[in-house]
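Undergrad: Below: one structure in C-alpha cells.
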Amino acid sequence: MAAIDPKQTDGHRILTPTDVPEARVDLRSNGCLRRLSYMNEAKTVRVFLLVCGVGLIPIALGYGAVPSATMKALYGITVNELGQTHIMRVIMFLYFGMASLWLVGAFKPGVTGSALIACGVFMLSIAAGRLSSFAVDGIPHWYFVAFTIVEIICGSLAIFFYRKVQSAGT
C-alpha cells in the first residue's frame, strides 16, 4: 500500500478498491456476475431466435414446396390452380424471409432487436388471425388451437426479450 501524505488529504485517508484486497475481489466478482447474467440472457435470446427461425422453415416448406400435396395431406385443402399455387409459394418465401431475419438476429447483436420485434409482430399477428377465425368460423382441429397457443407464447416472449435487450442497452 502506497503512503499518502496527510497534508495532501487534510488528514483523512482516502481508500480506493486497490488499497483493500477484499474490496477488489468484491468489485470484480460483482462485475463478473453482471456480465455472466448478461451473457446468459443473450444466450437465451439467441436460442429463442434460433428455435423460432429453424422451426419456421419446415412450416414454410409445408406451405409452398409442393402445395398440391402438402395442403391436401395436412389440411385437406385442394390446391390445383396456378393462382393458388402462386399464393402458397409467396407465403413460403414470406416465412423464409422472417426466418432469415430471426436467424441473423441470433448471431448479429445489431439486428437482435429488430429480429425480436419482427418475431413478436409475426407471431402475434398470426395468432390474432387465428383467434378471429375461431370467433367467426368456429374452433377448428385441435392442432390449430395448439399452434395459436404456441404463437401467443412465442410472440409474447419476443416482446419480453426485446424489452430486456433494450433495458440492458441503456
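Undergrad: Mind checking whether some residue in the range 76-84 is open to solvent by 50 Å² or more (accessible area, probe 1.4 Å) and under 29 Å from the mean Cα position of the chain (by Cα)?
TA: no
Undergrad: Oh, and also: Say we look at the range 161-170 and pick out the residues that are surrounded by fewer than 14 Cβ atoms within 10 Å (Cβ to Cβ) and assigned to a helix (DSSP H, G or I); which of these is modelled with the lowest pLDDT?
TA: G169
Undergrad: Here's something else I'd like to know. Condition (residue is closer than 21 Å to M39 by Cα and without any contact (Cβ under 8 Å) to a residue 60 or more places away in the chain) applied to the range 116-132: is it met by at least one residue?
TA: Checked the range 116-132: at least one residue is closer than 21 Å to M39 by Cα and without any contact (Cβ under 8 Å) to a residue 60 or more places away in the chain.
To keep it simple, each residue is scored yes or no on (1) basic (K, R); (2) open to solvent by 70 Å² or more (accessible area, probe 1.4 Å); (3) touching a residue at least 60 places away in the same chain (Cβ under 8 Å); (4) touching a Cys at 6+ places or on another chain (Cβ under 6 Å).
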{"position": "M98", "(1), (2), (3), (4)": "no, no, no, no"}
{"position": "W102", "(1), (2), (3), (4)": "no, no, no, yes"}
{"position": "A106", "(1), (2), (3), (4)": "no, no, yes, no"}
{"position": "D137", "(1), (2), (3), (4)": "no, yes, no, no"}
{"position": "W142", "(1), (2), (3), (4)": "no, yes, no, no"}
{"position": "A146", "(1), (2), (3), (4)": "no, no, no, no"}
{"position": "I159", "(1), (2), (3), (4)": "no, no, no, no"}
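Undergrad: A further question follows. Can you give me the number of residues within the range 41-75 that are of a type in the set (A, V, I, L, M, F, W, C) and open to solvent by 30 Å² or more (accessible area, probe 1.4 Å)?
TA: Of the residues in the range 41-75, 13 are of a type in the set (A, V, I, L, M, F, W, C) and open to solvent by 30 Å² or more (accessible area, probe 1.4 Å).
Undergrad: I've got another one for you. Modelled with pLDDT under 95 and in a helix (DSSP H, G or I) - does that describe any residue in the range 130-142?
TA: yes
Undergrad: If you don't mind, another one. What number of residues within the range 65-96 are in contact with a Ser or Thr (Cβ under 9 Å, 6 or more places away or on another chain) and touching a residue at least 12 places away in the same chain (Cβ under 8 Å)?
TA: Summing the residues that are in contact with a Ser or Thr (Cβ under 9 Å, 6 or more places away or on another chain) and touching a residue at least 12 places away in the same chain (Cβ under 8 Å) in the range 65-96 gives 8.
Undergrad: Yes or no: G120 modelled with pLDDT under 95, touching a helix residue (DSSP H, G or I) at 6+ places or on another chain (Cβ under 7 Å), of a type in the set (G, A, S) and open to solvent by less than 40 Å² (accessible area, probe 1.4 Å)?
TA: no
Undergrad: Specify which of the listed residues (V111, V90, V145) is of a type in the set (A, V, I, L, M, F, W, C), within 21 Å of V47 (Cβ to Cβ) and in a helix (DSSP H, G or I).
TA: V111
The values are calculated or read from the model by the stated rules, or taken from the named source; none is laboratory data. Just so it is clear, the structure is predicted and the values come from calculations on it, not from any experiment. All Cβ positions, even for glycine, are placed from backbone atoms using ideal geometry, and neighbour counts span all protein chains on display. The accessibility values were calculated without ligands, DNA or RNA, using every heavy atom of the protein model including side chains. Shrake-Rupley method; radii C 1.70, N 1.55, O 1.52, S 1.80 Å.
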